[in-house]
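One structure below.
The values are calculated or read from the model by the stated rules, or taken from the named source; none is laboratory data. All of these numbers come straight from a predicted model, not from anything done at the bench. Quick reminder, even Gly has a Cβ in these numbers, built from the backbone with ideal geometry, and neighbours come from all protein chains shown.
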Ligand SMILES: Cc1cc2nc3c(=O)[nH]c(=O)nc-3n(C[C@H](O)[C@H](O)[C@H](O)COP(=O)(O)OP(=O)(O)OC[C@H]3O[C@@H](n4cnc5c(N)ncnc54)[C@H](O)[C@@H]3O)c2cc1C
C-alpha cells in the first residue's frame with residue numbers, strides 16, 4: 001500500500017483481513033496528509049458532484065467576493081485549464097445523475113463498513129452517528145439547491161426539514177439569520193480525523209502489518225507482472241500494490257502509463273479550542289460552503305476551494321475568513337482569539353474532474369491497483385474503497401460496480 005492516509009490505512013486493514021502480509025509505504029506519519037485536517041464528515045449523503053449544471057454561473061460572483069468559497073490563482077490558470085474544461089463538461093444533467101449514483105455506492109455503506117475496523121482498533125469513540133445539518137439563509141438559496149436534494153432523494157437519502165423556529169429549538173446557538181435547516185440523520189462524523197487514521201494504523205501494526213518509512217518512486221515489472229516497488233531505501237518485493245497516495249498519486253500512475261487529470265483543490269481549516277459554543281453535530285452553511293464540526297479539541301471550521309497547484313504557499317487569509325464565516329453562524333463566538341486558542345491548516349483534496357475517485361487496475365499491470373482522487377469525500381469514501389482494493393488484490397469480485405471509477409475513463 002503506497003501512502004498511509006485514510007484511504008491507504010483502510011485498504012491495508014481490509015487486505016490484512018483477507019489474510020495477506022501487508023506493507024504500508026509512507027515517508028511521513030500515517031494520517032498527516034490531507035486526512036489530517038478535514039471536516040471529519042462521514043456522510044453517506046455526499047452524492048452531489050462538485051460540477052453541477054449551473055455551477056459555472058456562480059463562479060464570477062464567488063471569485064469577486066473576498067469571503068467567497070472559491071479562489072483561483074491566476075498565474076496557475078494555464079496549468080489548470082485542461083482540468084477546468086473537463087470539470088465544466090462533467091456537469092451536465094445526465095452525467096451528474098450517473099456520478100451521484102456511483103458516489104452513493106461507495107459512500108452509502110461508509111459507516112457500516114468502517115464499524116469492524118473501529119471495533120478492532122478500539123476506536124469506536126472517535127466516530128459519532130448523530131447526523132448532519134445543512135442550513136440556509138433564505139428560501140431562495142434552499143430552492144437553488146433543489147437539484148442537489150433531488151439527487152440525494154433519487155439515491156435513497158432521507159431527511160427532515162426544519163423552518164426557522166424549529167431550527168432554533170434544534171440548535172439555540174445558531175444565528176437567527178438562518179431560515180431553513182435540513183437534517184440528514186444517517187450521516188456521521190469523526191471527532192478527530194488524525195487520531196482515527198492513527199488508531200487504525202496502530203491496529204494494523206498490532207495485527208502483524210508493517211510500516212516502511214520511505215517514499216515509493218516506481219514499479220518493477222516483469223512483463224505485466226509486478227515484482228517490486230522501488231523506494232528511496234531500496235526495492236520492496238511484492239506481488240501486488242495499491243497506489244493510495246492522495247494527490248501525490250499522479251506521478252506514480254504516470255509511471256505506469258496512466259496520465260490522470262488529478263488536481264489539488266486546496267482547502268483550509270481553522271480550529272478554536274474551548275469555544276463559547278459548539279454545535280452538537282456538523283453544521284454546513286449552504287451558501288458559504290463551509291462546515292463547522294464539533295471535534296474533541298474544539299470546533300473546526302473547514303472549507304474553501306483554492307485552485308493554485310501543489311507548490312504555491314498557503315494563503316492564511318483563506319483560513320481567517322472561516323472565522324468571520326463561523327461568527328455569522330454562531331454569533332456567541334468571539335471576533336478574535338488569542339493565538340494559542342486558534343490553529344490553521346491547509347490540505348490538498350485530490351480531485352478528478354468528474355468528482356469520482358479512480359478505483360481499479362493500472363494500464364500496464366493488473367497487479368497494481370489505484371485508489372485515489374476522492375476529492376471532497378475521501379474520509380467517507382475510505383471504508384468502501386479499502387474493501388474494494390482488498391477485493392481487487394485478492395482476486396475477488398468487487399462488491400460494487402467499478403465501471404464509473406475506471407482509472408482509464410479519461411482516455
Ligand atoms: C478542508 C477540507 C475538508 C474536508 N472535509 C472532508 C469531510 O468532511 N469528509 C470527507 O469525506 N472528506 C473531506 N475532505 C477530503 C479528504 O480529506 C480527502 O479526500 C482524504 O483525506 C484523502 O485521503 P488520501 O488517503 O487519499 O490522501 P492523504 O491523506 O493525503 O494521504 C496520502 C499519503 O500518501 C503519502 N505519500 C505521498 N507520496 C508518497 C509516495 N511517493 N510514497 C509513499 N507515500 C506517499 C503522503 O505522505 C500521505 O500520508 C476534506 C478535505 C479538505 C482539504
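Okay, residues lined up against (1) at pLDDT below 95; (2) within 25 Å of residue 266 (Cβ to Cβ); (3) within 14 Å of the ligand (Cβ to nearest atom):
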| position | (1), (2), (3) |
| --- | --- |
| 340 | yes, no, no |
| 351 | no, yes, yes |
| 356 | no, yes, yes |
| 359 | no, yes, yes |
| 367 | no, no, no |
| 371 | no, yes, yes |
| 374 | no, yes, yes |
| 380 | no, yes, yes |
| 384 | no, no, yes |
Would you mind stating whether residue 122 is touching a residue at least 12 places away in the same chain (Cβ under 8 Å) and crowded, with 18+ Cβ neighbours inside 10 Å?
no
State all residues of segment 271-294 that are under 17 Å from the mean Cα position of the chain (by Cα), surrounded by 19 or more Cβ atoms within 10 Å (Cβ to Cβ) and in contact (Cβ under 8 Å) with a residue 60 or more places away in the chain; if no residue qualifies, say none.
282, 283, 284, 290, 291, 293
Step by step: first the residues of segment 177-205, then only those that are assigned to a strand (DSSP E or B) and more than 22 Å from the chain's Cα centre (by Cα), then the one that is nearest to the ligand (Cβ to nearest atom). Which residue is that?
181
Among (1) modelled with pLDDT of 90 or more; (2) within 20 Å of the chain's Cα centre (by Cα) - the single one residue 77 does not satisfy
(2)
In segment 241-255, residue nearest to the chain's Cα centre (by Cα) [restricted to those that are more than 8 Å from the ligand (Cβ to nearest atom) and surrounded by fewer than 21 Cβ atoms within 10 Å (Cβ to Cβ)]
254
Within segment 319-331, does at least one residue satisfy the condition of being touching a strand residue (DSSP E or B) at 6+ places or on another chain (Cβ under 7 Å), within 10 Å of the ligand (Cβ to nearest atom) and within 30 Å of residue 178 (Cα to Cα)?
yes
So residue 208 clears everything in (1) away from the ligand (no atom under 15 Å from the Cβ); (2) within 14 Å of residue 4 (Cβ to Cβ); (3) part of a loop (DSSP other than H, G, I, E, B) except one condition, right? Which one?
(2)
Residues satisfying the stated conditions in segment 358-383, i.e. surrounded by fewer than 24 Cβ atoms within 10 Å (Cβ to Cβ), over 8 Å from the mean Cα position of the chain (by Cα) and not in a strand (DSSP E or B):
363, 364, 365, 366, 367
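Matching residues to (1) within 16 Å of the ligand (Cβ to nearest atom); (2) closer than 17 Å to residue 205 by Cβ; (3) in a strand (DSSP E or B):
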residue	(1), (2), (3)
16	no, yes, no
20	no, yes, no
34	yes, no, no
38	yes, no, no
61	no, no, no
66	no, no, no
71	yes, no, yes
83	no, no, no
87	no, no, no
For the structure I just gave you, tell me whether residue 304 is at pLDDT below 95, near the ligand (Cβ under 9 Å from one of its atoms), in a strand (DSSP E or B) and buried (at least 23 other Cβ atoms within 10 Å of the Cβ).
yes
When you look at residue 49, is it within 16 Å of the ligand (Cβ to nearest atom), part of a loop (DSSP other than H, G, I, E, B) and under 25 Å from residue 290 (Cα atoms), yes or no?
yes
Among the residues listed as 3, 44, the single one being touching a helix residue (DSSP H, G or I) at 6+ places or on another chain (Cβ under 8 Å), under 20 Å from residue 261 (Cα atoms) and crowded, with 24+ Cβ neighbours inside 10 Å:
3
Among the residues of segment 261-300, write down those that are within 13 Å of the ligand (Cβ to nearest atom), assigned to a loop (DSSP other than H, G, I, E, B) and at pLDDT 95 or above.
262, 281, 282
All but one of (1) away from the ligand (no atom under 16 Å from the Cβ); (2) buried (at least 17 other Cβ atoms within 10 Å of the Cβ); (3) touching a residue at least 60 places away in the same chain (Cβ under 8 Å); (4) part of a loop (DSSP other than H, G, I, E, B) hold for residue 91; state the number of the condition that does not hold.
(3)
Whether any residue in segment 22-29 is closer than 13 Å to residue 245 by Cβ and out of contact with any helix residue (DSSP H, G or I) (no Cβ under 9 Å at 6 or more places or on another chain) is what I want to check.
yes
Among (1) more than 22 Å from residue 361 (Cα to Cα); (2) assigned to a strand (DSSP E or B), which single condition is residue 315 missing?
(2)
Subset of segment 211-237 (residues that are away from the ligand (no atom under 13 Å from the Cβ) and either in contact (Cβ under 8 Å) with a residue 12 or more places away in the chain or assigned to a strand (DSSP E or B) (or both))
220, 221, 222, 224, 225, 226, 227, 228, 234, 235, 237
Only residues that are part of a loop (DSSP other than H, G, I, E, B) and within 8 Å of the ligand (Cβ to nearest atom): list them for segment 1-14, please.
3, 4, 5
